1. On full extension of the chain, what length is gained from Ile143 through Lys68, given 0.36 nm per residue of separation minus the C-alpha to C-alpha distance?
2. Measure off 7 Å from each Cα along the Cα-to-Cβ vector at Arg172 and Leu2, then give the distance between these two points in nanometres to one decimal.
3. Report the normalised scattering of the range 63-114 as log10 I(q)/I(0) at q = 0.16, 0.17, 0.27 Å⁻¹, calculated by the Debye formula with identical scatterers on the alpha carbons.
4. When we measure straight from the Cα of Lys77, which lysines land under 23 angstrom away, once same-chain ones fewer than 8 places off are left out?
5. Need the full-extension length gain, Val53 to Trp78, defined as separation in residues times 0.36 nm minus the C-alpha distance. One decimal, nm.
6. Report the extension gain between Val36 and Leu113 in nm, rounded to one decimal, defined as 0.36 nm multiplied by the number of residues separating them, less their alpha carbon distance.
7. Place a +1 charge on the Cβ of each Lys and Arg in the range 1-137 and a -1 charge on the Cβ of each Asp and Glu, then give the dipole magnitude about the Cα centre in debye, rounded to the nearest 20.
8. Could you work out what % of the accessible surface of the range 72-172 is carbon and sulfur, using a 1.4 angstrom probe and leaving DNA, RNA and ligands out of the count?
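The values are calculated or read from the model by the stated rules, or taken from the named source; none is laboratory data. Keep in mind it's a predicted model, so treat the numbers as computed, not measured. In this analysis, Cβ positions are derived from the backbone assuming ideal geometry, glycine residues included, and neighbour counts consider all displayed protein chains. Side chains are part of the model used for accessible areas, which takes the heavy atoms of the whole protein and leaves out ligands, DNA and RNA. Shrake-Rupley method; radii C 1.70, N 1.55, O 1.52, S 1.80 Å.
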Amino acid sequence: MLLYYLLAFVISMIPLIELRGAIPVVFGLVQNALGVEVLPAQYIVSIFAVCIVGNMLPVPFIYWFARKFLEWGAQWKWNWLRKFCNFFLEKGGKAGEKLQSKTGWGIFVALMLFVGIPLPGTGAWTGTLAASLLDMKFKDTIIAVILGVLIAGLIMMAGSFGVFSAIFAIAR
């Protein structure tokens with residue numbers, strides 16, 4: 001079972017896949033390994049927790065170092081890299097100021113919902129990078145991202161267990 005937990009942890013840390021891919025893959029593998037139709041609750045909760053920890057582990061590093069990388073690149077001697085980094089720093093700074101002045105807490109909710117949509121490219125990595133560029137506070141970023149990851153994880157678990165198929169079958 002340790003191998004499945006390690007697999008869930010590693011897949012959850014991969015950009016674009018994150019816990020959205022880890023949950024169905026690992027749940028399916030564990031169901032197959034145990035030979036059961038429905039996973040026992042202890043496995044569901046433990047795999048879900050491992051996926052969340054794996055997905056959230058890179059978040060502080062992305063927040064702290066993405067902006068520093070862009071600031072470092074903005075001073076580089078290669079013209080194309082300097083332009084690329086300056087573009088993101090300027091656009092992100094202006095957009096962040098504009099959003100903060102107009103929306104206040106709306107940016108927190110928008111980040112949470114963005115991360116909570118279980119589609120590739122809308123996860124914790126992208127959300128944290130955007131929050132870093134928009135100059136959101138670290139605490140607000142972490143809370144919004146973890147809430148979004150929880151939402152995405154619950155949606156993926158529901159999908160993995162066939163909840164949506166059952167709802168559509170009943171609605172017909």
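1. Numbers: separation 75, 0.36 × 75 = 27.00 nm, distance 2.16 nm.
Once the chain is fully extended between Ile143 and Lys68, it gains 24.8 nm.
2. 4.6 nm
3. For the range 63-114, the Cα-only Debye profile gives -0.57, -0.62, -0.97.
4. Answer for Lys77, where 23 Å is the Cα cut-off: Lys68, Lys91, listed by chain and number.
5. Working: separation 25, 0.36 × 25 = 9.00 nm, distance 3.77 nm.
My answer for the length gained is 5.2 nm.
6. 24.3 nm
7. On the way: 11 positive and 6 negative charges, 139 e Å.
The dipole magnitude comes to about 660 debye.
8. On the way: 4500 of 6320 Å².
Answer for the range 72-172 is 71 percent, counting heavy atoms of protein chains only.
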